[in-house]
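The values are calculated or read from the model by the stated rules, or taken from the named source; none is laboratory data. It should be emphasised that the depicted structure is a prediction, and the values quoted were computed from it without experimental measurement. Using ideal geometry, Cβ is built from the backbone for each residue, glycine included, and neighbour counts are taken over all protein chains shown. What goes into the accessible areas is simple: the full protein's heavy atoms, side chains included, and nothing from ligands, DNA or RNA. Shrake-Rupley method; radii C 1.70, N 1.55, O 1.52, S 1.80 Å.
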Amino acid sequence: QVQLVESGGGLVQPGGSLRLSCAASRSIFSINAMAWYRQAPGKQRELVARIFSGGTTIYADSVKGRFTISRDNTKNTVYLQMNSLKPEDTAVYYCNAGYSSGSWGQGTQVTVSS
């Protein structure tokens, strides 16, 4: 089991950028899949982006070209760079390790509004 703590959320205007961080309590070197999910009010939690140990990434169509997931195994940290933010991106963002049945962070709020 690994504990995950997200940070970097906040209020931004449409078109702005935000960088989320997910700090793990131990090495993530041996964890193949790390991911970011999000959940907006009244909606299901959805996969935003996933990164594998080999560097392969997958993105939800809604964020493709705007968001970038990365991982730094030496820092035990996963990042989500979010650019060109839209009001529809407003949600609680969760870090995940080991797919949906694995470990989860507590979430960090991202609000995109003018």
Take VAL48 and tell me if it is within 10 Å of the chain's Cα centre (by Cα), open to solvent by less than 70 Å² (accessible area, probe 1.4 Å) and either farther than 16 Å from GLN106 by Cβ or among the β-branched types (Val, Ile, Thr) (or both). yes
Which of the strands (runs of 3 or more DSSP E) found entirely inside the range 18-114 contain at least 1 residues meeting this: in contact with a His (Cβ under 9 Å, 6 or more places away or on another chain)? none
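The rows are residues; the columns are (1) closer than 15 Å to ASN83 by Cβ; (2) in contact with a strand residue (DSSP E or B) (Cβ under 8 Å, 6 or more places away or on another chain); (3) open to solvent by less than 40 Å² (accessible area, probe 1.4 Å); (4) without any contact (Cβ under 8 Å) to a residue 60 or more places away in the chain.
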| residue | (1), (2), (3), (4) |
| --- | --- |
| GLN1 | no, yes, no, no |
| GLU6 | no, yes, yes, no |
| LEU11 | no, yes, no, no |
| GLY15 | yes, no, no, no |
| CYS22 | no, yes, yes, no |
| SER27 | no, no, no, yes |
| MET34 | no, yes, yes, no |
| GLY42 | no, no, no, yes |
With the structure loaded, tell me whether VAL112 is under 23 Å from SER27 (Cβ atoms) and either crowded, with 21+ Cβ neighbours inside 10 Å or among the hydrophobic types (A, V, I, L, M, F, W, C) (or both) or whether it fails that test. no
Only one of (1) over 16 Å from VAL2 (Cα atoms); (2) open to solvent by 20 Å² or more (accessible area, probe 1.4 Å) fails for ASN76. Which number is that? (1)
Determine which member of the set SER62, SER53, SER70 is in contact (Cβ under 8 Å) with a residue 12 or more places away in the chain, farther than 14 Å from TYR94 by Cβ and in contact with a Phe, Trp or Tyr (Cβ under 6 Å, 6 or more places away or on another chain). SER70
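Among ASN73, ASN83, which is the only one that is out of contact with any Cys (no Cβ under 6 Å at 6 or more places or on another chain), at pLDDT below 95 and polar (S, T, N, Q)?
One residue alone meets the criteria, ASN73.
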Considering residues of the range 93-109 that are touching a Ser or Thr at 6+ places or on another chain (Cβ under 7 Å) and of a type outside the set (S, T, N, Q) only, the residue nearest to PHE29 (Cα to Cα): ALA97
